[in-house]
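The structure appears right after this line, and notes come after that.
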Amino acid sequence: MIAAIAPLIVALLVGPDADAEVVFPGEGWEHRDPAELGLDPEALDRFAEELGGRGCVVRNGYVVKQWGDQSERSDWYSSVKPLFSTLLFFAIEEGRVSGVDQPVAEFGWDLQGNDRAITFRHLADMTSGYARPEPPGAAWAYNDFAIQLYQQTLFDRVFRGEPGEVVCDPARLGPLGFQDGLEFNGRRRLIASVRDFARLDWFWLNRGRWGDRQLLPSRFFDDFMTPDVPADLPQTAKAETEDPLGLGTFGGGSDHFTEFGPGIYGFNWWFNASGRTHPGTRTWPDAPPDAVMTIGFGGNCSVILPGDRIVVASARGDWGRLEAGQAESTMNRRLSSLMRAIEPGRD
């Protein structure tokens with residue numbers, strides 16, 4: 001029993017805290033005072049107060065700040081999308097999919113014309129052209145009809161299982177030991193607690209490692225946890241389109257939310273890079289260059305800071321809108337507030 005509840009501790013020689021022990025939670029997260037891990041407690045309190053909602057901050061595998069009900073489960077909206085790409089990587093590793101560039105039509109979909117060339121990569125990068133006028137790879141469109149094609153291909157035709165069972169399989173993400181359990185609604189959006197979403201973030205930050213096991217080869221993160229949409233890719237044309245397979249929507253339209261993806265999006269993560277709409281600055285000017293985010297409707301977002309060994313999971317937080325390159329945007333100001341806790345004395 002002691003072994004079951006004790007955190008898993010491994011040494012990872014990466015980043016500025018190369019000598020620090022990195023912890024992976026057991027049944028629950030271990031907690032540490034933020035000052036013990038080099039953080040400014042007062043600045044961290046201000047960050048949490050500004051953000052609101054429910055959330056937790058993890059450094060080196062320890063929870064250093066939490067607010068709101070940690071066990072409450074709620075909808076993470078589009079923040080679940082990188083989980084779909086993670087499942088794609090497992091499918092490739094298991095030999096179920098030949099690679100990210102395999103056409104999804106090979107899994108029995110009655111796709112017609114240009115749509116027959118849609119690949120998993122196109123779906124993960126929002127460049128598929130599904131329910132849009134352009135062929136695959138020709139334009140960017142944040143597309144919640146295409147995401148339904150993505151997740152339905154994975155769950156129903158690749159793994160052939162219920163989402164919760166597929167994700168929590170002992171050979172996949174079961175070892176993460178989700179404390180409050182995961183649930184998927186009818187649209188396959190994830191219902192989870194902040195402390196369990198933080199486990200996903202910690203798995204991603206550690207590039208497929210959990211404790212002393214490499215659950216997913218790190219090469220998938222080396223190759224695909226990076227901006228993958230070309231920075232010069234044009235925006236989809238304004239046009240009336242239809243959903244040819246009748247899949248329905250994940251929540252939004254076939255061209256909605258944002259035009260900022262080219263240069264900063266890849267396999268459903270958002271990256272701190274320059275892009276088509278902001279060539280002279282990063283997505284979030286006050287965050288480190290290696291910052292990664294998941295962004296979901298209603299302030300259901302998470303932050304991954306690999307170099308600082310920090311993740312933040314935030315449900316219903318005040319993140320504002322994605323306004324790439326804008327220093328005065330709410331999202332950038334929240335990240336700036338977080339950085340003041342990480343770098344005491346930062347202006």
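Read-outs throughout are calculated quantities, based only on the coordinates presented, and are distinct from any laboratory measurement. If you're wondering where the values come from, they're calculated on a predicted model, not measured in any experiment. Glycine gets a Cβ as well: all are built from the backbone with ideal geometry, and neighbour counts include every protein chain shown.
Charging the Cβ of each Asp and Glu at -1 and of each Lys and Arg at +1, and nothing else, the dipole of the stretch 85-144 about its Cα centre rounds to 80 debye. Remark: the chain carries a charge dipole of roughly 220 debye about the Cα centre, counting +1 on each Lys and Arg Cβ and -1 on each Asp and Glu Cβ. Across the stretch 25-94, the volume of the C-alpha convex hull divided among the residues equals 134 Å³ per residue.
Once the Cβ-Cβ distance of residue 96 and residue 30 is raised to the sixth power relative to R0 = 45 Å, the FRET efficiency obtained is 0.80.
With both labels modelled 7 Å from their Cα along Cα-to-Cβ, the residue 117 to residue 46 distance reads 5.2 nm. Rounded to the nearest Hz, the phi-derived 3J(HN,Hα) couplings of the stretch 115-125 under the Karplus curve 6.51 cos²θ - 1.76 cosθ + 1.60 (θ = phi - 60°) are 4, 5, 8, 5, 10, 4, 4, 4, 5, 6, 9, where x marks glycine and proline. Positive-end ranking of 108, 87, 168 along the dipole of the chain, with charges on Cβ about the Cα centre, is headed by 108. Residue separation of residue 256 and residue 214 scaled by 0.36 nm, minus their Cα-Cα distance, works out to 11.5 nm of gained length. From most to least packed by mean Cβ count within 10 Å, the peptides 318-330, 94-106, 184-196 give 184-196, 318-330, 94-106.
Counting only DSSP beta bridges whose two residues both lie in the chain, roughly 90 percent are antiparallel. For the chain, the residue among 179, 298, 215 whose Cα projects farthest onto the positive side of the dipole built from Cβ charges is 215.
Working note: Karplus 6.51/-1.76/1.60 with θ = phi - 60° gives the stretch 178-191 the couplings 3, 5, 9, x, 10, 9, 10, 7, x, 8, 6, 7, 7, 10 Hz, where Gly and Pro are set to x. With N the number of residues in the stretch 146-220, Rg(Cα) / (2.2 N^0.38 Å) evaluates to 1.12.
Kirkwood Rh over Cα pairs of the stretch 29-181 into Stokes-Einstein at 4 °C, 1.567 mPa s: D in µm²/s? Value of D from the Cα-based Kirkwood radius: 72 µm²/s.
Dividing the radius of gyration of the alpha carbons in the chain by their Kirkwood radius gives 0.95 for Rg/Rh. A dipole drawn for the chain from +1 and -1 charges on Cβ atoms has a positive end, and of 155, 203, 267 the residue lying farthest that way is 155. Helical runs assigned H by DSSP (4 residues or longer) give the chain a calculated mean residue ellipticity at 222 nm of -6000 deg cm²/dmol, each run adding -39500 (n - 2.57) before division by the residue total. Sorted from greatest to least, the principal axis extents spanned by the alpha carbons of the stretch 227-299 come out as 41, 26, 18 Å.
Placing dummy labels 7 Å off each Cα toward the beta-carbon, the span from residue 160 to residue 297 is 3.3 nm.
Mind checking the log10 I(q)/I(0) for the stretch 97-225 at q = 0.11, 0.16, 0.17, 0.22 Å⁻¹? Debye, one equal scatterer per Cα, no solvent, two decimals. For the stretch 97-225, the Cα-only Debye profile gives -0.45, -0.92, -1.02, -1.36. Where does helix 194-205 land angle-wise versus the long Cα axis of the chain, in degrees 0 to 90, nearest 10? Compared with the principal axis, the helix lies near 80 degrees.
A viscosity of 1.306 mPa s and a temperature of 10 °C, combined with the Kirkwood radius over C-alpha pairs in the Stokes-Einstein formula, give the stretch 279-347 a diffusion coefficient of 130 µm²/s. Full extension of the segment from residue 105 to residue 318, taken as 0.36 nm per residue of separation minus the current Cα-Cα distance, would add 72.7 nm. Computed from the Cα positions only, the extents of the stretch 221-347 along the three principal axes stand at 54, 31, 30 Å, in decreasing order.
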